[in-house]
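Have a look at this one before I ask anything.
Values in this text are rule-based calculations from the coordinates and carry no lab data. Here the structure is a predicted model, which means the values were calculated and not measured. Positions of Cβ are generated from backbone atoms using ideal geometry, with glycine treated the same way; all protein chains shown enter the neighbour counts.
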Amino acid sequence: MIRVVLGLVIAGSVLGAGFAPSQGGRQDDPEDARREALRWAADFDGHRAVTRPSRDAVIGFTIPTAVREVSVRGGQTVTVGDLLIRGDDEEDRAEAVFSRMRAETPLPLERAKAEEELAQLEYDKALDANRQGAGAPQELERARVRHETAVIDRQLAELNQTLSATQADKAEARVEKFSLKAPFDGTVDLVMVDVGQSVGAGDPVVRVVNIDKLWIDVPVPTDQTIALGTKKDDPAWVLMPLAGKPSVFEGTVIEVSPTADSQSGTRRVRVEVQNPTRIVPGLNCWVRFTTPSQEWQGRISRATASPTVVAAAGESTRD
């Protein structure tokens, strides 16, 4: 869960910054709040980055089709496997039903087995007659060949039934291509099509995100990552100005790129922050990988000592 290390909301005389409501109940000018947030960011001394969903999928059909059903809308919560969008699958669905019926009918195999049994009886009868000297050698040979042919026909019937089952699986898999389903638990961000619209293979159709966790890819100077020995599971501190109210959250390093960018002299470090209060991703933030300075710790101590600021800090995570 998000552990709020700092939610500094400056009101009145607390720390003397400019986020307090002005007289008459109006908020300060948004530009002033933005500049104040940038001053806090500079003081925080972190690396600028942007938050994003931990899971983000833009989904489309793998084959051209026309949209026949839109089952979701933007902002709707979905569970993995839920139908999102359905294409024109009527013809392929009928083909799949036909293939499955052909695969599951036992009649061709039963007929082949019956023919084999009959051929076996005739061959046995021809053998008995031959032993008693009553049958012609040609009749015995014909009975033997008919029996061997019947065995082959039965084996072919078994093979055809297996192939028909495979064909039915293939037809049903093609039908599935016309149904876009939620790849994970999350929220629909945007539906990009409407019923009746034709779409091509690979065209973006719907976007699904999961913001239970936020990911932040931070470009960190390569020298700093080497000096700190930055590695997976290290702590990180993330400053987010939420509605003009700077708040710091503790996160965890989950990835450190094995390579560096020679042009920028940076290395990608991915930080994960738990997000039970559903902070909106896409916000600018600042990330540092060392414990905040003594000055910041002093500010944290004074801020958390004020019941007013503590309450406001809790409200800031819900904005």
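Relative to the present Cα-Cα distance, how much length would full extension add between residue 39 and residue 198 at 0.36 nm per residue of separation?
Numbers: separation 159, 0.36 × 159 = 57.24 nm, distance 5.00 nm.
Fully extending the segment from residue 39 to residue 198 adds 52.2 nm.
Among 156, 183, 210, whose Cα sits farthest toward the positive end of the charge dipole of the range 74-228 (+1 at Cβ of Lys/Arg, -1 at Cβ of Asp/Glu, about the Cα centre)?
Final value for the positive-end residue is 156.
So between residue 63 and residue 94, what do we pick up on full extension, going 0.36 nm a residue minus the alpha carbon distance?
9.4 nm
Taking a temperature of 4 °C and a viscosity of 1.567 mPa s, what whole-number D in µm²/s does Stokes-Einstein yield for the range 93-176 with Rh from Kirkwood over alpha carbon pairs? Present the calculation step by step, with values, prior to reporting the outcome.
Values: Rh = 14.7 Å.
D, rounded to a whole number, is 88 µm²/s.
A follow-up question, please. With each label point set 7 Å from Cα along the Cα-Cβ vector, what nm distance links residue 257 and residue 160?
6.0 nm
Sticking with this structure for a sec: Which of the three applies to the range 64-135, rounded, prolate or oblate, going by the alpha-carbon gyration tensor with a ≥ b ≥ c and a/c under 1.5 meaning rounded?
Prolate is the answer for the range 64-135, as a/c is 1.5 or above and a/b outweighs b/c.
Also, quick follow-up: Over the range 138-213, what lengths in whole Å, largest first, do the semi-axes of the equivalent ellipsoid take, defined as the square roots of 5 times the eigenvalues of the alpha-carbon gyration tensor?
Semi-axes (√(5λ), whole Å): 56, 15, 6.
Oh, and also: Past 32 Å, Cα to Cα, is the threshold; run 170/213; 113/170; 177/231; 177/213 against it and keep the listed order.
170/213; 177/231
Sequence-distant or interchain residues sharing an amide H contact under 5 Å with residue 179, placed H: which?
Counting only residues 5 or more places away or on other chains, the set is 87.
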